[in-house]
Amino acid sequence: MLFLAAGCYKYSARPVPSPELASSFHAGKARVTLRDGRSYRMEQVYVRSDSLRTDRPFNNSPAAVALADIDQLTIGEFSAGRTLRWTVIVGGTALLALIFYVMATDPS
């Protein structure tokens, strides 16, 4: 249940959006690597004029980054397959542990 609530994300590289596509680009999670080597994790990102922006800076990340300064952009997308796989693995392990515990403590 914890994994279902948290969800698993997979990150995939995307081309840096152009300012002309500003209205169509939105992402929930993004990892941004700048040309000088610094990298940031940003949430709820969108493009406005010539920069990638967020209204909720995370862990000292900037609220805006110039598109020209971005070397690599990876976008995080919810992965139902990974979430289901880890939920089954953790849930199955917990169920087996419970079964072994009941068998070990059963007096009969």
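The values are calculated or read from the model by the stated rules, or taken from the named source; none is laboratory data. Note that this is a predicted model, so its numbers are computed, not measured. Counting neighbours? That spans all protein chains shown, and the Cβs are built from the backbone with ideal geometry, glycine included.
Yes/no matrix, rows are residues, columns are (1) closer than 11 Å to Thr74 by Cα; (2) of a type in the set (A, V, I, L, M); (3) in contact with a helix residue (DSSP H, G or I) (Cβ under 8 Å, 6 or more places away or on another chain):
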{"residue": "Tyr11", "(1), (2), (3)": "yes, no, no"}
{"residue": "Arg35", "(1), (2), (3)": "no, no, yes"}
{"residue": "Ser49", "(1), (2), (3)": "no, no, yes"}
{"residue": "Leu52", "(1), (2), (3)": "no, yes, yes"}
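Of all residues in the stretch 67-94, count the ones that are at pLDDT 80 or above and either surrounded by fewer than 13 Cβ atoms within 10 Å (Cβ to Cβ) or basic (Lys, Arg) (or both).
Summing the residues that are at pLDDT 80 or above and either surrounded by fewer than 13 Cβ atoms within 10 Å (Cβ to Cβ) or basic (Lys, Arg) (or both) in the stretch 67-94 gives 6.
Within the set of pairs 6 or more residues apart or between chains, which connect a residue that is more than 30 Å from Asp36 (Cβ to Cβ) inside the stretch 67-95 to a residue that is outside any helix (DSSP H, G or I) and among the charged types (D, E, K, R) with Cβ atoms less than 9 Å apart?
Matching pairs, first to second residue: Phe78/Lys10; Ser79/Lys10; Gly81/Lys10; Arg82/Lys10.
Give the stretch 71-89 a look and list any residue that's of a type in the set (Lys, Arg) and touching a strand residue (DSSP E or B) at 6+ places or on another chain (Cβ under 8 Å), or say none. Step through it out loud before you land on a result.
Filtering the stretch 71-89 for residues of a type in the set (Lys, Arg) gives 82, 85.
The one that is of a type in the set (Lys, Arg) and touching a strand residue (DSSP E or B) at 6+ places or on another chain (Cβ under 8 Å): Arg82.
Go through the stretch 31-54 and give me each residue that's surrounded by fewer than 12 Cβ atoms within 10 Å (Cβ to Cβ), modelled with pLDDT of 85 or more and out of contact with any strand residue (DSSP E or B) (no Cβ under 6 Å at 6 or more places or on another chain).
Residues of the stretch 31-54 surrounded by fewer than 12 Cβ atoms within 10 Å (Cβ to Cβ): 35-37, 49.
This time we only want the ones that are modelled with pLDDT of 85 or more, so: 35-37.
Within the stretch 31-54, Asp36, Gly37 qualify.
Hey, which of the strands (runs of 3 or more DSSP E) in the stretch 42-101, taking only ones fully inside, have at least 1 residues that are within 17 Å of the chain's Cα centre (by Cα) and closer than 18 Å to Glu20 by Cα? Working first, answer last.
On the way: elements: 51-56, 64-66, 70-78.
Strands (runs of 3 or more DSSP E) meeting the threshold: 51-56, 70-78.
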